[in-house]
Structures are given as structure tokens and as C-alpha cells.
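The values are calculated or read from the model by the stated rules, or taken from the named source; none is laboratory data. Everything numeric in this text was worked out from a predicted model, so none of it was measured. A quick note on method: Cβ atoms are made from the backbone with ideal geometry, for glycine too, and the neighbour counts reach across all protein chains shown.
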Amino acid sequence: MTPGYRALLSIRDYRILFAVSSLQTASTTAASLALATGLQQSTGSPLLTALGMFASPLAAVIGANTLLAAADTVPPRTLLRVIYLLIAACLAVQTMPGLSPVARLAPMLIIGAASAVAAGARWGLLGDLLSPIQYAPGRSLINSSVGALQIAGFAGGGALLLAFTVDTVFWVAAACSALAAALTLGLPAHAARRTGRLALLSSWRTNLRLLGDGRIRRLIIAASVPNGLIVGCEALFVPWANARASVLYLAGAFGMMLGDIVLGRLFSPARRARLQLPLRVLLAGSFLIFAASPTLVVAAIAVGIGSIGYAATLALQEGLLRATPHHLLGQAQGLENALRMTAQGVGAVLGGSLAEFIGPGPAIVALAATSLAITTTVTRRPLADLPPT
């Protein structure tokens, strides 16, 4: 029987991890919106605006290929606290006067690299705190909170931007990260999952070992590449809708939250596995509506419905948990998260670059069509040959 959310939230350690994850999501969401808005106002460039929104995810691959081994070789509570304090400091730097666009992007790249390592530690710790039957609902609840916190982050960040300055939003985001660091003191003092050095070579070797497993490689590609292209579509909401872009972001966050709640709470692992392909088709297909130059309302409805398809990632992450040796769990989860985030950053760069030449609407359609083609061909059967649930 699938555990309910109430039962999961009765677990003290899970509650703390949930709160830590939620605060960090609110922080990065508000900060990304502030940076993208500031760059759009100061430069008018779709590419720089997209980079402002997704520069942090683009740098995730740096963390994945340098210090990701720390997710298993450093006690997770210590690692998370240090990283969240670093993120708070980087956000505070954004309030310095006179920063150029490049100088504003640099701290976000540091945040992206550090967040990749934090994600490995966080998801690895979740696998230790919960039993296998609890893992999917537990991750579903955190994933759905991402949607809720993105709604809060976009709405709250947008309200702050209307009433105050970009610097105010960055200070609020920094405070959220600092509070997340403080809350990690309440997490259990788990020992490192394995011994080893934090050397670059160690991270590279383990990443290559993980990607050398065909099952793991298929899962990570399916979770990363098609979704990354759709995030590239989302990176063009500001150039497409200007000041009304928050409506589209809110619709997408709501759809993502709804999908995670329904798939994680109401369906068995086997049903989730069967639904992952239709959901990924829904995600990409819905963005093709931009070919018809829809009104804002129609576009928001399509984005909200399509974003339900992001829930397919839950089935892929569940498959990754089954395919990964326990002593590599943190690094595998971190690698998947980092490559997914990097694909989103690459998608944003591709979308912004295309929009410079053909406009944001046609660029959205091109990325969505490419995502749909990859979903229905290259990544059609990512859950094949996995151990039974």
C-alpha cells in the first residue's frame, strides 16, 4: 500500500529535509526571476534573459564533474549546511551596485555547481531516511512542493519587484538559503555513505561507471534531454509575454505540482512506469500551441496542462533508485539531477539563441517539436531491463 503524505510528514527527519528543500527552492526561484527581469530591463536581450533565468542549472555539470563524490563521502548534514551558506553569500553579492550582466551571472554559476552537489546529498539522504516503498511518495511530496514554492517564489518575487527593487528580492532569497542552512542542524548526523577523497578523478571515475551502465544511462537521458528542451521553451516566456510572463510560470508550476501529487500518491510503481511515456508526450506536445500565436489565457492553459507531464520524471527517478548500488546512491541521484539541470540550462541557451533570430514564439515551437521527437524515438523505453518493483 502506498504511504500517505500524512504518514511521511509524521517522520521528523523527513519533515526537516522537506523544509530545507522548500526554502532552497523558494530562494533560487525568486533569485532567478529577479535576475532575468533585471537583465531584460537593462539589455533587452532574449539570450541574456534566458541565461539569467537558467544560468544556475547550466553550471550544474561543473559540480557534477568535480565534487559530486562529496555526496557520498562527506556527512550529508555538514555538506548541505556548507553549501546553503555559500549560496546565501552568492545571492548577497548580487546586491552590490554597478555589477555588469556578466558579473551578475557569475555568482549564479557558482550556485548551480554547488547545488548539484547538494542535490546528490539531499536525495541520497532521502533514500536512507525512507524505505523503498516510501521513496516515491516521499520524493513526490518534495517535487510537488517545488511547484508550490515556485508559485510562491514567482508570485512573491513578482510582488516584491513591483513594490521594491531587485536587490530586495536577492536579500530575501539569501535569507531563505541561510535559514535552510540553519535547519540542517536538525537533520540526523548520518555518516558518509562510503570512504574516499573529494578528488576530481574520483568523481569522474564514478560518473563514468554509472553512465557505463546502460540502464542508468537510458534513465538519465530520458529524464534530462526532452525536459531540458521544454525548459528552454519556458526560458522564453519573458521575451514572449514581457511583464505578463509570471502568469505562464505560475500555470506551469501549478501543473507540475498537480502532476507530482496525483502520480506519486494515487498510482502504483507499475502504473507510474506505464504512464511515463504518455506524460512526456503531453509535456512536449502542449507547447506546440505557440505555433498558433495564442492569447495569454490559452497559452497559460496549455502550459499548465502540459506541465503535468513533468511528473514522468518521478517514475524515471524511481527506476534509477532500483538500478543503482546503494553505496553510489548519492552520486547517482546527484548526477541525474545535475545533468537534468544542465540540460535545462542548455535548453535555455538554445532557446535564447534561436529567439534572437526567429523570435520567441517560433523558437518555443522548434524546441517543443525536437523534444517530442526525442521522446518518441531515442528515449521511448527507458525503464527496460530494470529489477522488478
Being among the acidic types (Asp, Glu), on the phi < 0 side of the Ramachandran plot and out of contact with any Ser or Thr (no Cβ under 6 Å at 6 or more places or on another chain), is that true of even one residue in the range 354-375? yes
Would it be correct to say that residue 205 is of a type in the set (Lys, Arg) and at pLDDT 85 or above? no
Hits in the range 343-362 (condition: surrounded by fewer than 24 Cβ atoms within 10 Å (Cβ to Cβ) and polar (S, T, N, Q)): 353
When both residues are 6+ apart or on different chains and their Cβ atoms are under 9 Å apart, which pairs have a first residue that lies in the range 335-347 and is in a helix (DSSP H, G or I), and a second that is basic (Lys, Arg) and at pLDDT 80 or above? 337/122
How do the pairs read when you match residues in the range 10-33 that are closer than 19 Å to residue 83 by Cβ and at pLDDT 90 or above with residues anywhere that are surrounded by fewer than 20 Cβ atoms within 10 Å (Cβ to Cβ) and of a type in the set (Gly, Ala, Ser), using Cβ under 6 Å and keeping only pairs 6 or more apart or on different chains? 16/186
When only residues in the range 373-389 that are among the hydrophobic types (A, V, I, L, M, F, W, C) and at pLDDT 75 or above count, which is farthest from residue 216 (Cα to Cα)? 373
From (1) closer than 28 Å to residue 237 by Cβ; (2) buried (at least 21 other Cβ atoms within 10 Å of the Cβ), pick out the condition that doesn't hold for residue 41. (2)
Find the residue count for the range 93-111, including only residues that are surrounded by fewer than 18 Cβ atoms within 10 Å (Cβ to Cβ) and over 14 Å from residue 51 (Cβ atoms). 6
Look at the range 363-378 and say how many of its residues are among the β-branched types (Val, Ile, Thr), in contact (Cβ under 8 Å) with a residue 24 or more places away in the chain and either crowded, with 24+ Cβ neighbours inside 10 Å or out of contact with any helix residue (DSSP H, G or I) (no Cβ under 6 Å at 6 or more places or on another chain) (or both). 4
